[in-house]
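Structure first, then comments.
The values are calculated or read from the model by the stated rules, or taken from the named source; none is laboratory data. What you see is a predicted model, and the numbers here were worked out from it, not measured in a lab. As a convention, Cβ positions derive from the backbone with ideal geometry for all residues, glycine included, and neighbour counts pool all protein chains shown. Surface accessibility is based on the protein's heavy atoms, side chains included, excluding ligands, DNA and RNA. Shrake-Rupley method; radii C 1.70, N 1.55, O 1.52, S 1.80 Å.
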Amino acid sequence: SLVLEWNSLGVWEEGFALFCQGLGANNVLQRLDLRNNQINHQGAVELAMALRQNTSLQELDLRWNNIGLLGGRALLNSLHSNKTLKRLELAGNNVPSDILKAVEQAVNHNQDRWAILSEAQNRADVLTKEVLSLKDEKNRQFLDLMNTIDKQREEIAKSDRMATTRVRQLQEALDEQHSIMNSLKAKLQITEAALALSEQKVHDLGELLNAAKQEQTSMTERHFVELQQQKQEGIDREGKLLRDLSAASEKNLLLRNQVDELEKKCKVQQDQLFQAKQDLTNTTTELKLRAVQAEEHLEAEKKRFKKSLEDMESLRVKEVDHMTQHLETSERSMQDRIQRLEAVRIALEEELSQIKAAAVAERGRAEEELIKVRNQARLEEQQRLEHLEEKLRLMTESRDEAQNCCLKQKQMVTEAQAKATQASLQAEGLRRRLEELQQDLISKEEEKVTEVNKVKVELQEQIGRLQAERTAQDGLREKIAALERQMKALTSNHREALLDKEGEISMLLEKLRVKEADMARMREEEAQRASFLQNAIMAYVQGSPLGALSPRK
């Protein structure tokens with residue numbers, strides 16, 4: 001601002017002309033006060049030339065001078081080229097009213113133009129600030145996305161590590177199961193060998209029983225032959241036997257007592273055999289119950305197999321050990337009983353041989369008695385034969401029962417082998433399942449990598465789009481600058497052209513607003529897409545079969 005009122009600058013024309021030249025070259029001064037300086041029309045012409053060159057002066061006060069008609073016209077003509085002057089005071093200068101109105105219109109036009117330009121500049125500044133803020137937000141979002149992607153990669157790596165450790169643990173458990181299955185197979189082979197030995201023993205006992213039967217048949221034949229011989233000799237010795245009837249009767253009583261004792265012993269042996277049979281039946285029932293219990297335990301362990309595989313294996317091993325121990329104890333008890341029966345049989349055979357020897361010795365003495373007691377002897381022999389046949393039948397039945405027990409034990413062993421094979425098949429199925437799960441994990445990891453690459457590519461494309469939008473905005477800015485230049489050029493010709501340009505500027509501003517809305521929408525879509533991808537990845541990680549295994553974070 002420069003105030004030079006009441007200085008009579010217009011009196012010296014040359015000095016005022018130099019002053020006007022300096023004013024035309026100045027680009028800083030905005031307000032000039034030249035009231036009461038005796039400026040005439042020539043000074044007004046110099047001022048008009050300076051105003052044509054000046055681009056910074058906004059207010060000029062020329063009141064109370066002597067400008068006149070010519071000076072007013074010169075100033076009016078200079079306002080056509082000067083677009084910065086917003087206020088011009090010409091009161092008290094003898095300037096016609098029409099020129100004053102024209103000057104006022106030109107100044108108002110400059111004021112309107114200045115207001116429009118200031119608004120456009122303000123809007124451009126606001127747009128640049130918003131664009132910069134958008135750039136900053138985009139950069140922040142991009143950095144946040146990269147950070148989230150890095151975090152997701154770290155989480156994926158951690159989940160992969162957990163999955164690998166879990167797979168190793170499962171592999172170790174499978175190896176332990178295989179070792180347990182091998183030990184069970186070895187134990188089953190041992191039990192099969194023991195059963196084969198027991199079968200051989202039973203076969204040997206059967207052969208011994210057959211030999212005893214053959215011996216008994218041969219003894220009966222010999223006895224029959226001897227009886228015939230004794231008949232023939234008894235006919236010759238009937239006289240001698242009459243004398244010894246009394247002694248024979250006494251000996252017969254003794255023999256009857258011995259036979260009664262032997263019958264009691266046979267009954268006791270029958271009771272022992274019956275008890276042995278009952279023990280065998282009890283052992284078979286106990287074995288069946290144990291087998292049923294073992295099957296129930298196996299079914300329960302199958303149901304609980306998913307929860308605790310190792311507990312099931314340990315229980316199965318315990319059950320198998322208990323069964324094998326019970327089988328071994330039962331085999332031992334059976335072997336002891338068979339040995340006892342063999343000892344009893346041997347004792348009976350010894351007693352029979354002793355009785356036969358006594359009978360042979362007494363036959364010589366009691367030949368006369370045999371004639372009278374022939375029928376009784378025959379009946380006693382038949383009873384003994386029937387008793388021996390009953391003993392043989394009982395022995396055969398005990399042998400058959402022992403064979404049946406062996407067969408049942410074989411069936412139990414085969415069932416245990418079948419269960420062991422089923423368990424091995426289940427273990428192989430689990431191993432295959434683990435391999436399939438590993439392949440699924442690998443494929444899913446590849447899909448994750450492809451999805452991450454796709455996300456990166458989409459982000460790069462979006463960054464390219466943003467850069468293109470930046471270039472478009474720069475182009476729009478250049479267009480705005482060109483339009484402003486065109487506005488500067490066209491405002492001198494007509495005000496309607498300026499209004500048209502203002503309409504174009506408003507259209508461009510609307511386009512910019514549309515672009516801003518599109519950018520905001522794209523930003524929201526990107527945020528939604530990023531959140532959707534993050535939720536999808538987290539849901540996928542949590543919904544995987546190793547996720548359930550893996551610990552929740």
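Below are the figures for this structure:
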{"quantity": "Whole-percent carbon and sulfur share, accessible surface of the stretch 131-195, 1.4 Å", "calculated": "54"}
{"quantity": "Additional length obtainable on full extension of the chain from N182 to S531, 0.36 nm per residue less Cα span", "calculated": "120.4 nm"}
{"quantity": "Approximate spin-label separation K251-E296, in nm, with each point projected 7 Å along Cα-to-Cβ", "calculated": "6.7"}
{"quantity": "Whole-angstrom gap from the stretch 118-144 to the stretch 408-456, using each part's C-alpha centre", "calculated": "58"}
{"quantity": "Cα centre as origin, Lys/Arg/Asp/Glu Cβ charges: the stretch 397-453 dipole, Debye", "calculated": "300"}
{"quantity": "Leading residue at positive end of dipole, the stretch 57-176 (Cβ point charges), from L69, S133, Q58", "calculated": "L69"}
{"quantity": "Exceeding the 23 Å Cα-Cα cut-off - candidates K86/K501; K264/K391; K456/K479; K479/K501", "calculated": "K456/K479"}
{"quantity": "Solvent-accessible heavy-atom area per residue, rounded to whole Å², over the stretch 2-144 at 1.4 Å", "calculated": "54"}
{"quantity": "Accessible-area value, F532, 1.4 Å probe, nucleic acids and ligands omitted, Å²", "calculated": "140"}
{"quantity": "Probe 1.4 Å, accessible area per residue of the stretch 176-230, Å²", "calculated": "64"}
{"quantity": "Too-long pairs where the Cα-Cα distance tops 24 Å, listed order kept, from K158/K448; K138/K158; K138/K511; K151/K448; K454/K511; K201/K265", "calculated": "K138/K158; K454/K511; K201/K265"}
